[in-house]
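To start, the structure itself, in structure tokens.
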Amino acid sequence: MIEFATSNWILRALILLVIFGAVAAIVLFVSSTASRRMQVSRDLARLSGDGNSPSSETLTRQRTEGAWAKMVKRVESAGLSLGDTAESEIGKQLRAAGFISPAAPRVYTLVRLILIFVFPALFLGVSLLRAEPPGVFVLYLGCALFAVLGIYVPNLTIRAMAESRRREIINSFPDSLDLMLVCVEAGLGLESTLDRVGREMATTHPLISQMLTETTLLMRAGASREDALRKLGDNASVDEIRSFTTLLIQSDKLGTSLATTLRVYSAEMREARRLRAEEKAHRLPVLISIPLVVFMLPTMIGVIILPAIVRTIREVIPALTG
């Protein structure tokens, strides 16, 4: 039986699939058991009347709920909890990448679970379709590596998206500060200034426009300036925006001139942007030296020593050999 299993690649693939499925089932069972207490705590908090029960969901949230969120609800209703012990840290990373939905951490966990099975399945399919399928050990090792890759690919993607979003916010925020300064000096209040700047920058900088518009809507809905501005800093997840909102809150509490505050902070951010541009410019010679050494230097050396090599082959080697 063992000899037949080692000689038949189909049977080896089936055995490998059974082993991989058993390991995956054990991991899912352990994770579901570990997160059951967290799910019970969330259910108790939801039933305690804190306004987060399913019956208190707004019609807008129900209409704008995406397909992934609905899939998460179906998976959790089937008995598999998608909660995570580090859900707060995952939520911060997702907010920094622009995903502010409450279901985003659970969708992130669901995507990771799907990729754990999709990547090894693709690897198995490609390997078994080859003329000479690899051995059982190679298949098992490849499936394990691709499963680990399925865990880390979403994390790397979220980090790249967060860095891109942060760079876009930092580069475009000084322009919005200049517009805010013009509006404040023209006599507009803080709420009107944010609303006007948000509408003016809808085409050039849509990300900044969206954040300012959300802050204006929060103020109009009854939230205090401090809460709305702190919400702006949390949604942006950028240190410069948090410093700006803290500066506005302190200026509002102390009664200092808002125009002076905006003028000083705008000058600082533009100086910081100029320094970042100079830093990138100074890095160019170092970056250019890499292709110079890799591509141009061997060619130059070859051109220089080629005549000596030709003369050595034609004259020196025949003279040495007689």
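Just so it is clear, none of the values below were taken in a lab; they were calculated from the coordinates. Keep in mind that what you see is a predicted model, and the values were worked out from it rather than measured. As a convention, Cβ positions derive from the backbone with ideal geometry for all residues, glycine included, and neighbour counts pool all protein chains shown.
List of remarks:
- Residue-wise HN-Hα coupling along the stretch 207-212, computed from phi with Karplus coefficients 6.51, -1.76, 1.60 (Hz; x: Gly, Pro): 5, 5, 4, 5, 5, 5
- Global geometry of the stretch 229-322, whether rounded, prolate or oblate, following the gyration tensor of its Cα atoms and the 1.5 cut on a/c: prolate
- Cα centroid separation, the stretch 240-305 to the stretch 204-223 (Å): 27
- Spatially proximal lysines relative to residue 70 (Cα-Cα < 27 Å; intrachain offsets below 8 disregarded): 92, 231
- Relative to the Cα centre, the charge distribution of the stretch 95-233, modelled as +1 at Lys and Arg Cβ and -1 at Asp and Glu Cβ, gives a dipole magnitude of about 500 debye.
- The ranking of 117, 173 from fewest to most other beta carbons within 10 Å of each one's beta carbon is 117, 173.
- Size of charge dipole - the stretch 167-274 - debye, nearest 20, with Cβ of Lys, Arg +1 and Asp, Glu -1, no other charges: 20
- Anisotropy class of the stretch 167-274 from Cα gyration tensor, a/c 1.5 cut: rounded
- Close amide H contacts of residue 100 (hydrogens built in the peptide plane, cut-off under 5 Å, sequence separation of 5 or more or a different chain): none are found.
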